[in-house]
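The values are calculated or read from the model by the stated rules, or taken from the named source; none is laboratory data. Quantities reported herein were computed from a predicted structural model and do not represent experimental measurements. FYI the Cβ positions are ideal-geometry reconstructions off the backbone, even for glycines, and counts take in every protein chain you see. Side chains are part of the model used for accessible areas, which takes the heavy atoms of the whole protein and leaves out ligands, DNA and RNA. Shrake-Rupley method; radii C 1.70, N 1.55, O 1.52, S 1.80 Å.
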Amino acid sequence: MLIKTNADGFIHPVASDITPQAAYRRRREMLKLMATGVAGAALATWASREALALERPGKLAALAAAKSNAPGAMTMEKVTPYKDATTYNNFYEFGTDKADPAKNAGTLKTAPWTVEVDGLVKKPGKYQLEDLLKLSAQEERVYRLRCVEGWSMVIPWVGYSMSKLIEKVEPQGNAKFVEFITQADPKTMPFVGSRVLDWPYTEGLRMDEAMHPLTLLAFGMYGEVLPNQNGAPVRLVVPWKYGFKSGKSLVRIRFTDREPRTAWNKAAANEYGFYSNVNPDVDHPRWSQATERRIGEDGLFAKKRKTLMFNGYEAQVGQLYAGMDLKKNF
Ligand code: MTE
């Protein structure tokens, strides 16, 4: 983020990249069935398989989830093609170019995986990924993700509200903030050790932000487990904040009474504040935040979209910031 200013160097990918080969094969299967007279019975399953094929890319293990009914959890906007969401990433542990994480994150070892919960909680502990997965029912939520660099995506995540875990570990009365600490293993993450950030990549939320029902502990996307480049095996997704608040590959969650320092704030305090709420009225010192480019949908020269206050989640989260000067608390 700090060094990539050539956002417009993005090459527009083919949006309709939904395995035409597979679709062709299915159509042939169908024609064969028609010829043998069993087409009627097969028609319904064929239709549902088509729907499934669009929802699930079929690349990784499935992660079943019911659609969420939390207010604001399902935008009806067109979902970003899986290929774009998994090849245009920010995951600096694997390189600073957008294509680097997809190329390099294969080395990330995601099993076994432990998340430590500590600090000001009554029930600290180490959670195996399997236990975290079982803690609450998985939901599918389609969130806009707006990056501070001026682009956005729409991604169907699978996970559950962070509040479920917070309730389980019982924060003490003086816990005011939550710090999210991510994996920093120089053996498997080639850019850990580079000077671009002070590793590990850390982020933080105020307790009421972390408890907000939209704050998601995510284990999957597009109906499958998270690809490594998107933060496997577990990450945070905070849809009303710039994308960098959503830490990937979490290993520790710490409850504290003080506002935690964050990796980007340490790197450039005048550019990355603690709150980092999406705000079209407060520009990044080097970029306007008034508009955004939707990855995989808009052409390179297409008109940009207007960025919405709190990324369009104002009705759900606006009250968290009532009375605060959001120009000072950017
Ligand atoms: N988490 C870690 N550990 N390292 C990172 O570099 N980049 C952040 C965030 N989480 C980052 C991270 C940024 S800048 C963005 S925009 C989002 O991840 C991107 O998530 P995505 O690649 O799944 O779209």
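From the Cα gyration tensor of the stretch 63-321, with a ≥ b ≥ c the square roots of its eigenvalues, which class applies: rounded if a/c is under 1.5, or else prolate if a/b is larger than b/c, or else oblate? Intermediate values should be presented prior to the final figure.
Numbers: a/c = 1.26, a/b = 1.20, b/c = 1.05.
Since a/c stays below 1.5, the shape of the stretch 63-321 is classed as rounded.
Quick check for you: with a 1.4 Å probe and neighbouring chains kept, what is the accessible area per residue of the stretch 63-321, in Å²? Don't jump to the answer; show the numbers that get you there.
Working: 10050 Å² over 259 residues.
Ligands and nucleic acids excluded, the figure is 39 Å² per residue.
Take Glu314 and Lys122, extend 7 Å from each Cα along the Cα→Cβ direction, and tell me the distance between the two endpoints in nm.
3.9 nm
Points 7 angstrom from Cα along the Cβ direction at Arg286 and Ala70: gap in nanometres?
Distance between the two pseudo-spin positions: 3.3 nm.
Report, to the nearest whole %, how much of the accessible area of the stretch 63-321 belongs to carbon and sulfur atoms, 1.4 Å probe, protein only. Could the numbers behind the result be given before it?
Working: 5290 of 10050 Å².
Using a 1.4 Å probe with all protein chains present, the stretch 63-321 comes out at 53 percent carbon and sulfur.
If you stretched the chain out fully between Lys266 and Thr107, how much longer would it get, using 0.36 nm times the residue separation minus the C-alpha to C-alpha distance? Each step should come with its number before you reach the end.
Numbers: separation 159, 0.36 × 159 = 57.24 nm, distance 2.72 nm.
Gain on extension, Lys266 to Thr107, equals 54.5 nm.
Please tell me which of these pairs span more than 24 angstrom C-alpha to C-alpha: Lys248/Lys303; Lys67/Lys241; Lys248/Lys327; Lys176/Lys327? Intermediate results must be reported in sequence, preceding the final value.
Numbers: Lys248/Lys303 31 Å; Lys67/Lys241 22 Å; Lys248/Lys327 27 Å; Lys176/Lys327 22 Å.
Cα-Cα > 24 Å for Lys248/Lys303; Lys248/Lys327; rest within.
Count charges around Met207 for me, please; just the other residues with Cβ under 13 Å from its Cβ, Lys/Arg as +1, Asp/Glu as -1.
Values: positive: Lys176, Arg206, Arg254, Arg258; negative: Glu167, Glu170, Glu179, Asp208, Glu209, Asp257, Glu259.
Combined, the nearby Lys, Arg, Asp and Glu give -3.
Can you tell me how much longer the chain between Asp208 and Gln172 gets when fully stretched, taken as 0.36 nm per residue apart minus their C-alpha distance, in nm with one decimal? The partial results should precede the final answer.
On the way: separation 36, 0.36 × 36 = 12.96 nm, distance 1.38 nm.
That pair, Asp208 and Gln172, stretches by 11.6 nm at full extension.
How many angstrom separate the Cα center of the stretch 305-330 from the Cα center of the stretch 205-225?
18 Å
Zone of Asn329 (label point 7 Å along Cα→Cβ, backbone N under 13 Å): which residues in the stretch 242-276?
Backbone N within reach: 259, 274-276.
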